[in-house]
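The values are calculated or read from the model by the stated rules, or taken from the named source; none is laboratory data. It should be emphasised that the depicted structure is a prediction, and the values quoted were computed from it without experimental measurement. Cβ placement follows ideal geometry from the backbone for every residue including glycine, while neighbour counts extend to all protein chains displayed. Accessible surface is based on the protein model in full, side chains and every heavy atom, while ligands, DNA and RNA are left aside. Shrake-Rupley method; radii C 1.70, N 1.55, O 1.52, S 1.80 Å.
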Amino acid sequence: MLPSLTIPLRVSWADDKSALPTVASPPAGGPLPRAASPPSLPHGLAHVSLRTRRLLAQLTALVFLLGVVGMWTAGGPRGTWELVRVGRLGESPSQVAAPGTVVGAGGSWGWAAKAADESDESYESDEAGGVAGDGAMTEDESDAIAIPESAADPTSPEHGLTPPPDPLVRWGMLSPRASQFTGGLSPWPANPAHAEADEPLSSLGSFADDIYKQGPATADALRAQLAEMVDIAFPDHLRGALRDGLARYMSHAEGAPWDSNKHVWQTDKEGEHRESSEVRTWKGSNAHGWGWTLMSDKDADEWVGKTFGGKNHILELWRNLPSGILRSDTLRYLLLLVEGGIYSDTDTTLLKPPSRWGSGARLYNNGQGWLTPTQLARLEGGEALDDVIGAPSVVVGLEADVGTRADWFDWWPRPIQIAQWTMALAPAHPIAMGAVLRVLHSTADAADWAAARWAEIKALRADGRYDDADRLEAVTVMHEPKEGGPVGVMAWTGPGVWTDAVLTYLRTKYGVQWTELRGIREPLRIGDVVVLPVTGFSPGVGNFGAGHRNDVQAMVQHGFRGSWKDKHD
């Protein structure tokens, strides 16, 4: 026998003009239609007799009752049913529309299950990252009577909040939390605000300028930020060497040459490309005098565990990165930071010996503004650049130089982008430190997003919005922001991170803006950094004026095998 029900008819008949709102059924995935406002009665209906209008109201209530009874007998969700307004974007988790929910400018209307023990006053998430806010309609919006019925525990299997088997789906449900990566560190500084009179640096507009995660504004601020990370995030036995590196490179002292450790590092999931034609070039005559190591996933775990053993942010980061590509990116930064040398992907071919990388480089701005008068005088006197300022400590190459392409953001995360499939550094360099710090912060951002997502999934299931909860659960931390994800691979650990770290160092120490790297066709020497043109590490790409692999400037060729796409496990 069905229990006694009281119908929650949340409809007021003001001026004989309102009616039950129509609820649109959203398509699965894709853009969602805008929800219409609650419809008015057709013109002329107000002239129907009062008795007829009452009969219409009673008939509407009866149809609704039959619908509720049908849902009940079909085994639908138990609890209170009410007409609720769903989501203006930016509201609290119980109000923000989940994927698949019809949302209009002022919110939309739909029937949803509501746990009987949930208060009509407010909702407050008890999950980390939750946001408090109103979770029910106000009395002036409706005058409903709740249906009393027992509600299930929203953390029970009935609500789907037992840990899912897929580690990407469950990431952030109980752990990790942002404090595991950035606890004790200063918040990331926001990019400086633009005044209305400020001109963008290029015709691409302010968006292109602001896409870079710039970080500190001065060299002193950068040094302080990185020193804080060294003291908090790294194990004791590494701090001394890293502090020395900061002191050396953030001053005008001569740094270590980029090839002071002649060793090539490559990574592979299980070593399956160890004897490929591309990898053999890194072990052949072109790399004579250089050591070579290919790390499998197991080797990488062992190296990280040994190098960063103990309780520290770096080890927490490594153990909690949810995907192989994120670990692959992070590993290359850690290897170059601690060991130095060359990192290059296994789908790259060494075309010319590393000793030729950056030879014949042009001096940035002819040394004006960053070389001392004494150094300039020595250069004018005919001394070699390396004798005056030392050998470079970093060699990087441009990957993208989009020029004036309006669609650049559809293809590359940065309008000037630094390749990270091949790069070379001396150990303990601030650029590698900056990349690692950015990965810590982006992982903390992803953890905050994941915790808030699970709080929202819990709220949706408690409200009986199971389809919406399932759609939200299908969006994992590895999805791109345009797909509903938090960060995206390129900005989490990929070339966006590396590019920002390089450009922050060049800007704070030497005053270089990203636009000053546009259009270079020969190596550019900026202090202790050499920037190769696109041809350097990307010959034959057919873009950005890149030459062919036999070009004098071509040092490494990238095969674009896309092996990183297979590292999501």
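Quick look at the values:
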read-out: Index of the failed condition, Ala432 passing every other in (1) within 30 Å of Asp528 (Cβ to Cβ); (2) in contact with a strand residue (DSSP E or B) (Cβ under 7 Å, 6 or more places away or on another chain); (3) surrounded by fewer than 24 Cβ atoms within 10 Å (Cβ to Cβ); (4) not aromatic (Phe, Trp, Tyr); value: (3)
read-out: Positions within the range 262-295 being in a loop (DSSP other than H, G, I, E, B), farther than 16 Å from Val338 by Cα and in contact (Cβ under 8 Å) with a residue 60 or more places away in the chain, in sequence order; value: Asp268, Lys269, His273, Ser276, Gly284, His288, Trp290
read-out: Which listed residue is under 17 Å from Gly358 (Cα atoms), among the aliphatic types (A, V, I, L, M) and touching a residue at least 24 places away in the same chain (Cβ under 8 Å), from Val388, Val395, Val436, Val402; value: Val395
read-out: Given (1) farther than 30 Å from Val556 by Cα; (2) open to solvent by less than 50 Å² (accessible area, probe 1.4 Å), number of the condition Asp231 does not satisfy; value: (2)
read-out: Residues satisfying the stated conditions in the range 458-505, i.e. out of contact with any helix residue (DSSP H, G or I) (no Cβ under 7 Å at 6 or more places or on another chain), within 22 Å of Ala419 (Cβ to Cβ) and touching a residue at least 24 places away in the same chain (Cβ under 8 Å); value: Pro495, Thr499
read-out: Those residues of the range 465-512 which are of a type in the set (D, E, K, R) and surrounded by fewer than 18 Cβ atoms within 10 Å (Cβ to Cβ), in sequence order; value: Asp467, Asp470, Glu480, Lys482, Glu483
read-out: Positions within the range 238-264 being under 23 Å from Ile325 (Cα atoms) and surrounded by fewer than 20 Cβ atoms within 10 Å (Cβ to Cβ), in sequence order; value: His263
read-out: Residues that are within 18 Å of Pro533 (Cα to Cα) and part of a loop (DSSP other than H, G, I, E, B), drawn from the range 380-412; value: Pro392, Ser393, Val402, Gly403, Thr404, Trp412
read-out: Evaluation of Thr267 against (1) crowded, with 18+ Cβ neighbours inside 10 Å; (2) at pLDDT 95 or above; (3) out of contact with any strand residue (DSSP E or B) (no Cβ under 7 Å at 6 or more places or on another chain) (one fails), failing number; value: (3)
read-out: Output for the range 546-562, where each listed residue is open to solvent by less than 50 Å² (accessible area, probe 1.4 Å) and closer than 24 Å to Ile211 by Cβ; value: Ala546, His558, Gly562
read-out: Selection from the range 325-379 of residues that are among the small types (Gly, Ala, Ser), in contact with a strand residue (DSSP E or B) (Cβ under 6 Å, 6 or more places away or on another chain) and assigned to a helix (DSSP H, G or I); value: Ser328
read-out: Qualifying position, being at pLDDT 95 or above, closer than 19 Å to Trp171 by Cβ and of a type outside the set (Asp, Glu), among Val530, Val512, Val477, Val556; value: Val477
read-out: Residues being over 20 Å from Val541 (Cβ atoms) and open to solvent by 30 Å² or more (accessible area, probe 1.4 Å) - total across the range 342-356; value: 3
read-out: Per-region count, the range 283-320, residues at pLDDT below 95 and among the polar types (S, T, N, Q); value: 2
